[in-house]
Amino acid sequence: VERVLPGFYKITLPIPIQSLKSVFVYLILGENNENLLIDTGWNTEESLDSLRTAFSGIGFDARDLKKIVVSHLHPDHFGLSSTLKKEANDSELMMHKDDAAGLRKSPEDYERFIRELQDWIAMHGTPPEELEAMMKSTAPMAKYINPAKPDTLLSGGERIKVGAEWEFEVISTPGHTRGNICLYERAGSRVLFSGDHVLPTITPNVSLGPLYEGDPLGDYLKSLDSLKKLDVSSVLPSHEFIFQNLPSRLSEIESHHQERLRETLAAFSGISSKKMTAYEVASKLHWYAGSWEKLSPWEKRAAIMETLAHLEYLKRGGRIREVVEESESGKRRFFYSIIVK
Ligand SMILES: [Zn+2]
């Protein structure tokens, strides 16, 4: 536990993702026993134990929780919602309506989603042997499903009060997920809870897929832009560390994606007549782990979907063409080629 401000605590919880190791949730205490928990941590015993220990260190009881806001539907942010709701019956669970729509209601529902995901990855050119490994790496996620029904659906612009001291404005920032939100404290501290949307050194996955069609990268870049007008003292993210100077970080992330867009176009160089699947494009790009071969099946799946978000953005900008071919068996396959001007 770290006290960020008087009555404002950052709590570090373990998560079963090696590259990230932990997630931060924030507990805010206001007058008249009002309080707010921002995000919940992963649905594991270990995480729940850590949260309980942190609460007792602050002298807080989970049964007294009044408001829980979830920044987005990923398991490290939403996972313990149901457990905490059971503990604090009267608490109000809030999340954006567009992410609430993507919540899995049952194991069957989750299996259906996995099949959809598999078809999606296949039609974007993933070879069958790799497809199997990718889906196997996704399957264990099912055991973490513990859905809670949100009490309040947010759409951005709401003000969440916690005592007289705090007032959090909900800012809709789609991109990492369709219903991703940030919270800006307007009562005086001017801190921004940025979730996964803005992190100090890494960038969140921005993916086109069955959960997020449309233009996720376009949305993400607009969401970054929308934060520029805020006067922010400190940025409180979900991973890594608290930082200042939001404007320079926003520019860095924008440049990162511009560079990725250039790299994506460059993957077609020398083969301007040729069409490639998203899988082929992704395998030509540089990834943080080094070459394509070094990525795990899980990372490869994320990389293909991230590449697709960039291809979609370039397609909308008139730089890339999408061609859909249908096999005799009725299976569709998507290809991309560069538009030479
Ligand atoms: Zn996330």
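The values are calculated or read from the model by the stated rules, or taken from the named source; none is laboratory data. Since this is a predicted model, take the numbers as computed values, not measurements. Cβ atoms come from the backbone with ideal geometry, glycine included; neighbour counts cover every protein chain shown. All accessible areas refer to the heavy atoms of the entire protein, side chains included, with ligands and DNA or RNA removed. Shrake-Rupley method; radii C 1.70, N 1.55, O 1.52, S 1.80 Å.
What the table shows:
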{"read-out": "Residue match in the stretch 165-176 (condition: in contact with a helix residue (DSSP H, G or I) (Cβ under 6 Å, 6 or more places away or on another chain) and open to solvent by 40 Å² or more (accessible area, probe 1.4 Å))", "value": "no"}
{"read-out": "Long-range neighbours under 7 Å by Cβ, at least six apart or interchain, first residue touching a residue at least 12 places away in the same chain (Cβ under 8 Å) and surrounded by 13 or more Cβ atoms within 10 Å (Cβ to Cβ) within the stretch 41-53, second assigned to a helix (DSSP H, G or I) and of a type in the set (A, V, I, L, M, F, W, C)", "value": "41/51"}
{"read-out": "Wholly within the stretch 93-176, strands (runs of 3 or more DSSP E) carrying at least 2 residues that are at pLDDT 95 or above, charged (D, E, K, R) and on the phi < 0 side of the Ramachandran plot", "value": "159-162, 166-172"}
{"read-out": "Residue match in the stretch 323-332 (condition: closer than 27 Å to residue 74 by Cβ, of a type outside the set (Phe, Trp, Tyr) and in contact with a strand residue (DSSP E or B) (Cβ under 8 Å, 6 or more places away or on another chain))", "value": "no"}
{"read-out": "Criterion violated by residue 329 - all others in (1) open to solvent by 30 Å² or more (accessible area, probe 1.4 Å); (2) outside any loop (DSSP other than H, G, I, E, B); (3) out of contact with any helix residue (DSSP H, G or I) (no Cβ under 7 Å at 6 or more places or on another chain); (4) not charged (D, E, K, R) satisfied", "value": "(2)"}
{"read-out": "Strands (runs of 3 or more DSSP E) within the stretch 1-51 that include 1 or more residues under 19 Å from the mean Cα position of the chain (by Cα)", "value": "8-14, 22-29, 35-38"}
{"read-out": "Qualifying residue in the stretch 260-267 (condition: in a helix (DSSP H, G or I), aliphatic (A, V, I, L, M) and free of Cβ contacts under 8 Å to residues at least 12 places away in the same chain)", "value": "yes"}
